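Written below as structure tokens is the structure these notes are about.
The values are calculated or read from the model by the stated rules, or taken from the named source; none is laboratory data. Here the structure is a predicted model, which means the values were calculated and not measured. Glycine also receives a Cβ, built like all others from the backbone with ideal geometry; neighbour counts cover every protein chain displayed.
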Amino acid sequence: MKFLFWMKKQQRHYFALMILTIVIIPGCCSAGQQVKEVVGLFYLDNQPISIIIENTKISKIVRKSELENTSVAKIFIAPGFIDNQINGYVSYGFTDEGLTVDKVRKATQALWKVGVTSYLPTVITSSKAQLMENFAILASAAREPDIGLSIPGFHLEGPYINPEPGFRGAHNAKWIRKPDWQEFTDIYNAAEGKIIHVSVAPEQAGAIEFIRKLTEKGIVVALAHHNGSAEDIKKAVDAGADISTHLGNGCANMIHRHENPLWPQLAEDRLMVSLIVDGFHLRPEEVQTFYKVKGPERTVLISDVTQLAGMPPGEYIWDEKTVVLEPEGVIKFPAQNVLAGAAAPVKQGVENIMRYTDCSLADAIHMASRNPARLNGISDRGTLGPGKRADIIQFILDDTGNITIQKTIVAGKLVYEAE
Ligand SMILES: [Zn+2]
């Protein structure tokens, strides 16, 4: 302990925290092992804490007052990220032909490395047969004892969206159609009832009745890829719509300055918004404005990553289209001059929203964990407290605002540790 005396006060704190961090879980340091304790700075107030875990849940959180001024050590503890829009990852697309449980496993394991502890695999516009087949595979994956814990349900985006160029984004026009309750019921049954989130265009014929039925079934209704009027949007919200999917995207480049879908969705207090804050899908001032209107309670950060995320830059053929993964991490669809999904995990949204809006780390984490958990009815996750499932990330937040995940814990088990 003499060694500690030589050190400056701040260094002592840092050193002490490092020791605590190293001993966090005796013998815990291989993937899949039970974690008993995690120590670091609490994301809500930057103060040192110890989280005690029993089996799959948090049993208590203990304050570590002796480490109060750990300004040097920026090893934080927060709930794992919950991303309600992941189309695929590391080459595996959830809408692709040939999806397997093993591909879902590989994508899930790669997502753990970037702090995602739960996500909604998202299947987009395609044929009924393809939707049924892929949701059935996802339902099998969700039953797997390891990765199933990270898959609380699924997101269906399309096929009931606006077919016009721009509004449909990168969705294949060939498969876009009007809402059809019988078809949806067949797809829902193939998914073993695990579709918990549906993105739909409110102006399509039959959409309002469709939204009402989804709401009665307890499914989260999101408005997406649409050109709904103020009246369409009000009717959709009256029928139960909860959120606007990736506001500012899935929209034509040229829109009317008064009559466009953005204003009524911003003006409607009952609608949350999900935002892709990867630095490409929205300009900083759009994020700033949307955040000022909706605030940290009604904003959800999503990645919208596709299977190209995590792949080398270059040109790829995807769903019969040529798309380009740019080196800086964005996927473009040059033929229509639109973006074709994102390549940055939601961690980057957490970093960027702090940069753009000056919101606190706590608020940024709320938007990537608590809010999506609440929205999707995943009540055992999204915050840290006694009785909550032990879905925890430990990360370094450096001076440039970058987050580096050190450990990811799902239901009390270590699923990732940085080397
Ligand atoms: Zn979309």
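Do we have any residue at all in region 225-239 that's touching a residue at least 40 places away in the same chain (Cβ under 8 Å) and of a type in the set (G, A, S)? Walk me through how you get there before you give the answer.
Just the residues of region 225-239 that are touching a residue at least 40 places away in the same chain (Cβ under 8 Å), to begin with: 225-227.
Next, from what is left, pick out any that are of a type in the set (G, A, S): none.
Checked region 225-239: no residue is touching a residue at least 40 places away in the same chain (Cβ under 8 Å) and of a type in the set (G, A, S).
Could you figure out which of (1) surrounded by 15 or more Cβ atoms within 10 Å (Cβ to Cβ); (2) closer than 24 Å to E164 by Cα; (3) of a type in the set (A, V, I, L, M, F, W, C) isn't true of V277?
Among (1) surrounded by 15 or more Cβ atoms within 10 Å (Cβ to Cβ); (2) closer than 24 Å to E164 by Cα; (3) of a type in the set (A, V, I, L, M, F, W, C), the lone unmet condition for V277 is (2).
Can you tell me which residue in region 129-154 is farthest from V415 (Cα to Cα), limited to those that are assigned to a loop (DSSP other than H, G, I, E, B) and not small (G, A, S)? Explain how you work it out, then say what you get.
Pass one, region 129-154, residues assigned to a loop (DSSP other than H, G, I, E, B): 144-146, 151-153.
Then keep just the ones that are not small (G, A, S); that gives 144-146, 151-152.
Working: E144: 15, P145: 13, D146: 9, I151: 14, P152: 17 Å.
So, considering only residues that are assigned to a loop (DSSP other than H, G, I, E, B) and not small (G, A, S), the one farthest from V415 (Cα to Cα) is P152.
Sort out which residues of region 155-180 are of a type in the set (D, E, K, R), surrounded by 19 or more Cβ atoms within 10 Å (Cβ to Cβ) and part of a loop (DSSP other than H, G, I, E, B), and write them in order of number. Reasoning before the result, please.
First, pick out the residues of region 155-180 that are of a type in the set (D, E, K, R): 157, 164, 168, 174, 177-178, 180.
From what is left, the residues that are surrounded by 19 or more Cβ atoms within 10 Å (Cβ to Cβ) are 157, 168.
Within region 155-180, R168 is the sole residue that qualifies.
For (1) within 16 Å of the ligand (Cβ to nearest atom); (2) acidic (D, E); (3) touching a helix residue (DSSP H, G or I) at 6+ places or on another chain (Cβ under 8 Å), each residue gets a yes or a no:
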{"site": "P121", "(1), (2), (3)": "yes, no, yes"}
{"site": "A142", "(1), (2), (3)": "no, no, yes"}
{"site": "P145", "(1), (2), (3)": "no, no, no"}
{"site": "G148", "(1), (2), (3)": "no, no, yes"}
{"site": "I151", "(1), (2), (3)": "no, no, yes"}
{"site": "L156", "(1), (2), (3)": "yes, no, yes"}
{"site": "E164", "(1), (2), (3)": "yes, yes, no"}
{"site": "H171", "(1), (2), (3)": "yes, no, no"}
{"site": "W175", "(1), (2), (3)": "yes, no, no"}
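How many residues are surrounded by fewer than 24 Cβ atoms within 10 Å (Cβ to Cβ), assigned to a loop (DSSP other than H, G, I, E, B) and touching a residue at least 60 places away in the same chain (Cβ under 8 Å) when one looks only at region 83-100?
3
Say whether the condition of being away from the ligand (no atom under 16 Å from the Cβ), assigned by TED's automatic domain parsing to the domain that holds P179, crowded, with 24+ Cβ neighbours inside 10 Å and at positive phi is met by at least one residue in region 128-137.
Taking every residue of region 128-137 in turn, none turns out to be away from the ligand (no atom under 16 Å from the Cβ), assigned by TED's automatic domain parsing to the domain that holds P179, crowded, with 24+ Cβ neighbours inside 10 Å and at positive phi.
Enumerate the strands (runs of 3 or more DSSP E) found wholly within region 276-353, keeping only those where 3 or more residues are touching a residue at least 40 places away in the same chain (Cβ under 8 Å) and either under 15 Å from the mean Cα position of the chain (by Cα) or over 27 Å from T383 (Cα atoms) (or both). Talk me through it step by step, then tell me what you get.
Working: elements: 299-302, 314-318, 321-326, 330-333, 338-342.
Result: 299-302, 338-342.
Could you check A252 against (1) surrounded by fewer than 19 Cβ atoms within 10 Å (Cβ to Cβ); (2) away from the ligand (no atom under 14 Å from the Cβ) and say which number it fails?
It is condition (2) that A252 fails.
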